[in-house]
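K.L.:
Here it is, the structure in full.
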Amino acid sequence: MRLDKYLSHTGFGSRKEVKQLLKKKIVQVNETVQTKGEFSVHPEKDEVRVDGEVIHYQKFVYVMLHKPAGVLSATEDSRQKTVLDLLPIEMQHHQLFPVGRLDKDTEGLLLLTNDGELAHFLLSPRRHVSKTYYAKVDGLMDEADQRAFEAGITLEDGYECLPAELEIKRVDEEQQQSEVWITIREGKFHQVKRMVVQCGKEVRYLKRLTMGSLVLDENLKKGEYRFLTESEQKSLEEFLPQIEK
Ligand code: URA
């Protein structure tokens, strides 16, 4: 990889900014000062220092975002704000994308990465990665609904959902509202909302709490993000086929 690209990918700015940095003679590769952007480095083998500090190169980046309502789970949109607009400019060169989609009005856990292979496996319908949602529902969810979820709900278009779990956390008879946790192992369009509609009720607030081994960090406020920890990254790798690890 070219040294200027390497520096740009590790957060030292645009090619132009990196050029200025190289001119200052403060970039060393294996203890030799390098000033040429085209100098070739091996990201995993060579030791690169800027101003004496060793740089750690990461091929892939994994970010946990607490998605707020009102932003699209997309990489770009001509009119509306996307989840990538919530990240600072210096994250842009990573070319992150959201792993799957949450509706515009849904909040909660969204993984952003540039690791296409991992995203592919997490989203693969054959892998049945579980996702748990917290929902506020208009209407009283009951044991009959739980049994229907367990048996597999048939959606309005005839699609038969896989068995899912419905945990009733609270029912408010006066307000005719329920709070539930719903765990599904697939990801059809508006799936949770449509499953609840099939029970004769309506989701009025939805938040994703987990995806596979990942759990939304309670310390993240809406719109905030953080990098995954090493153990979170490791736990996600379990979803990759063993042979490809
Ligand atoms: N199910 C939905 O209905 N909406 C989401 O955003 C996610 C799951």
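The values are calculated or read from the model by the stated rules, or taken from the named source; none is laboratory data. Note that this is a predicted model, so its numbers are computed, not measured. In this analysis, Cβ positions are derived from the backbone assuming ideal geometry, glycine residues included, and neighbour counts consider all displayed protein chains. Areas reflect the complete protein model, heavy atoms only, side chains present, ligands, DNA and RNA absent. Shrake-Rupley method; radii C 1.70, N 1.55, O 1.52, S 1.80 Å.
K.L.:
Can you tell me which residue in region 87-105 is nearest to the ligand (Cβ to nearest atom), limited to those that are more than 13 Å from the chain's Cα centre (by Cα) and either at pLDDT 95 or above or part of a strand (DSSP E or B) (or both)?
P.N.:
Asp103
K.L.:
Which of (1) closer than 20 Å to Glu107 by Cα; (2) touching a helix residue (DSSP H, G or I) at 6+ places or on another chain (Cβ under 8 Å) is the odd one out, the single condition Gln177 does not satisfy?
P.N.:
All conditions are met except number (2).
K.L.:
Moving on to the next point. Criterion first (in contact (Cβ under 8 Å) with a residue 60 or more places away in the chain and open to solvent by 20 Å² or more (accessible area, probe 1.4 Å)) does Glu238 satisfy it? Step through it out loud before you land on a result.
P.N.:
Details: in contact (Cβ under 8 Å) with a residue 60 or more places away in the chain: no; open to solvent by 20 Å² or more (accessible area, probe 1.4 Å): yes.
In short, no.
K.L.:
Something else about it: Within region 149-169, is even one residue of a type in the set (Gly, Ala, Ser), within 30 Å of Glu224 (Cβ to Cβ), touching a helix residue (DSSP H, G or I) at 6+ places or on another chain (Cβ under 9 Å) and not assigned by TED's automatic domain parsing to the domain that holds Leu228? Please lay out each step first, then the result.
P.N.:
If we filter region 149-169 for residues that are of a type in the set (Gly, Ala, Ser), which is where we start, we get 151-152, 158, 164.
From the residues that got through so far, the ones that are within 30 Å of Glu224 (Cβ to Cβ) too are 164.
So of that shortlist, the ones also touching a helix residue (DSSP H, G or I) at 6+ places or on another chain (Cβ under 9 Å) come out as 164.
Retained after the next criterion (residues that are not assigned by TED's automatic domain parsing to the domain that holds Leu228): 164.
Yes, the conditions are met somewhere in region 149-169.
K.L.:
Restricted to region 173-191, and to residues that are among the acidic types (Asp, Glu) and touching a residue at least 12 places away in the same chain (Cβ under 8 Å), which residue is farthest from the ligand (Cβ to nearest atom)?
P.N.:
Within region 173-191, the match that is farthest from the ligand (Cβ to nearest atom) is Glu173.
K.L.:
So which residues in region 72-97 are in contact (Cβ under 8 Å) with a residue 60 or more places away in the chain and open to solvent by less than 70 Å² (accessible area, probe 1.4 Å)? Please lay out each step first, then the result.
P.N.:
Filtering region 72-97 for residues in contact (Cβ under 8 Å) with a residue 60 or more places away in the chain gives 86-87, 90, 93-94.
Correct list: Leu86, Leu87, His93, His94.
K.L.:
Residue by residue through region 155-185, note down the ones that are buried (at least 16 other Cβ atoms within 10 Å of the Cβ) and out of contact with any Lys or Arg (no Cβ under 8 Å at 6 or more places or on another chain).
P.N.:
Leu166, Ile168, Val171, Ile182
K.L.:
Still on this structure: When you scan region 106-224 for helices (runs of 4 or more DSSP H) that lie fully inside it, which ones turn up with 1 or more residues that are farther than 30 Å from Glu76 by Cβ?
P.N.:
On the way: elements: 116-123, 143-151, 191-198.
Hits in region 106-224: 143-151, 191-198.
K.L.:
So is Arg204 touching an Asp or Glu at 6+ places or on another chain (Cβ under 9 Å) and more than 11 Å from the ligand (Cβ to nearest atom) or not?
P.N.:
So Arg204 passes the test.
K.L.:
Further, regarding this structure: Name the residue that is surrounded by the fewest Cβ atoms within 10 Å (Cβ to Cβ), counting only residues in region 207-228 that are more than 11 Å from the ligand (Cβ to nearest atom) and of a type in the set (Lys, Arg). I'd like the intermediate steps shown before the answer.
P.N.:
Step one: filter region 207-228 for residues more than 11 Å from the ligand (Cβ to nearest atom), giving 209-210, 212-228.
Those still in the list that are of a type in the set (Lys, Arg) too: 221-222, 226.
Details: Lys221: 8, Lys222: 15, Arg226: 13.
Only one residue tops the list, namely Lys221.
K.L.:
Does Val61 meet the test of being over 22 Å from Glu237 (Cβ atoms) and in contact (Cβ under 8 Å) with a residue 24 or more places away in the chain? Explain how you work it out, then say what you get.
P.N.:
Working: over 22 Å from Glu237 (Cβ atoms): no; in contact (Cβ under 8 Å) with a residue 24 or more places away in the chain: yes.
No, not satisfied.
K.L.:
Go through (1) under 20 Å from Val180 (Cβ atoms); (2) open to solvent by 40 Å² or more (accessible area, probe 1.4 Å) for Ala135 and report which single condition fails.
P.N.:
Condition not satisfied by Ala135: (2).
K.L.:
Among residues belonging to region 192-201 that are within 13 Å of Asp145 (Cβ to Cβ) and not aliphatic (A, V, I, L, M), point out the one that is farthest from the ligand (Cβ to nearest atom).
P.N.:
Only one residue tops the list, namely Gly200.
K.L.:
Still on this structure, I have one more. Kindly establish whether Thr154 is within 23 Å of Gly100 (Cα to Cα) and away from the ligand (no atom under 14 Å from the Cβ).
P.N.:
The answer is yes for Thr154.
K.L.:
Considering only region 2-46, state which residues are in a strand (DSSP E or B), open to solvent by 40 Å² or more (accessible area, probe 1.4 Å) and not polar (S, T, N, Q).
P.N.:
Applying the first criterion (in a strand (DSSP E or B)) to region 2-46 yields 2, 27-29, 32-33, 40.
Filter again for open to solvent by 40 Å² or more (accessible area, probe 1.4 Å), leaving 2, 28, 32-33, 40.
Across region 2-46, the qualifying residues are Arg2, Val33.
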